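The values are calculated or read from the model by the stated rules, or taken from the named source; none is laboratory data. All values reported here derive from a predicted model rather than from experimental measurement. Cβ: placed from backbone, ideal geometry, glycine included. Neighbour counts: every protein chain shown.
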């Protein structure tokens, strides 16, 4: 299929998958803590990817090792824990909206570290997006005084990691197929994830046999297979057939899906937050608009 059509198909599918990931994280946290959820998400995804694509690991050459390791840490390992920690205090819909900063961060860090061009329109877009983010956090803190909106910082950290990861894949892993990148990533981070899980006390009998934990594990399996495994391969391919900015633009539509799930689950959202969301998306649009 033509790359122009294929990239839009990937964008649509990823929007639905990742838009649903935030509510799955929320449900997973009912019986698991953030570190258990993050670790198990990595482990389950690794098992899935190794089963369907372990042969792809052979295609990774020595020159790919360093960018694959960095991509693993920035594109998966750090973000899965950051999002889980964030959603222990803030709503899943708010986390998805803040994730919309990824294209802006891709632009900012791409300019400083990967020599990407930077226009006036893009600068205006970055400023607008940051103002929208500030408004969203302040209004959310007022609407939900029982939630700690300082935890929004974890989502911002994750979005910065994603921004670097997109540029790394585009710059250094363009010649490596998407499955090989994904399998290589999880080969790097699976053992550290197991170590983190061990120190959480998850392997105690009373924890594993808990009804709440078992229910959370069902949501986590869905999150690992679709939200991480399949989506990771698709996203790596999307980066290769498009630009870093276009690839990260999947965060435009993720909040729409996540907001629907959040409202259905009883999360609060006022007009100020909706306005802040529009401002963030406007900033992202400005940052990506061609002259």
Legend entry - Residue match in the stretch 149-157 (condition: within 18 Å of the chain's Cα centre (by Cα), more than 24 Å from residue 272 (Cβ to Cβ) and surrounded by fewer than 22 Cβ atoms within 10 Å (Cβ to Cβ)): yes
Legend entry - Checklist (1) touching a residue at least 12 places away in the same chain (Cβ under 8 Å); (2) under 24 Å from residue 193 (Cβ atoms) applied to residue 91, failing item: (2)
Inset, instruction - Determine, yes or no, whether residue 138 is free of Cβ contacts under 8 Å to residues at least 24 places away in the same chain, under 30 Å from residue 265 (Cβ atoms) and part of a helix (DSSP H, G or I). - result: yes
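Closer than 15 Å to residue 65 by Cα, in a helix (DSSP H, G or I) and either modelled with pLDDT of 95 or more or in contact with a strand residue (DSSP E or B) (Cβ under 7 Å, 6 or more places away or on another chain) (or both), is that true of residue 189? If you could, list the steps in order and put the result at the bottom.
On the way: closer than 15 Å to residue 65 by Cα: yes; in a helix (DSSP H, G or I): yes; either modelled with pLDDT of 95 or more or in contact with a strand residue (DSSP E or B) (Cβ under 7 Å, 6 or more places away or on another chain) (or both): yes.
It is true that residue 189 is closer than 15 Å to residue 65 by Cα, in a helix (DSSP H, G or I) and either modelled with pLDDT of 95 or more or in contact with a strand residue (DSSP E or B) (Cβ under 7 Å, 6 or more places away or on another chain) (or both).
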Inset, instruction - Select from the stretch 80-100 the residues that are more than 10 Å from residue 22 (Cβ to Cβ) and surrounded by 23 or more Cβ atoms within 10 Å (Cβ to Cβ) and list them in ascending order. - result: 80, 82, 84, 90, 98, 100
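Here are 212, 187, 178, 193: which of them is touching a residue at least 12 places away in the same chain (Cβ under 8 Å), crowded, with 20+ Cβ neighbours inside 10 Å and closer than 29 Å to residue 30 by Cα?
Criteria check complete, one pass: 193.
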Inset, instruction - Check the stretch 18-33 and report whether any residue there is in contact with a helix residue (DSSP H, G or I) (Cβ under 9 Å, 6 or more places away or on another chain), surrounded by fewer than 22 Cβ atoms within 10 Å (Cβ to Cβ) and within 28 Å of residue 242 (Cβ to Cβ). - result: yes
Inset, instruction - Tell me the helices (runs of 4 or more DSSP H) entirely within the stretch 53-125 that contain at least 3 residues that are at pLDDT 90 or above. - result: 65-72, 78-86
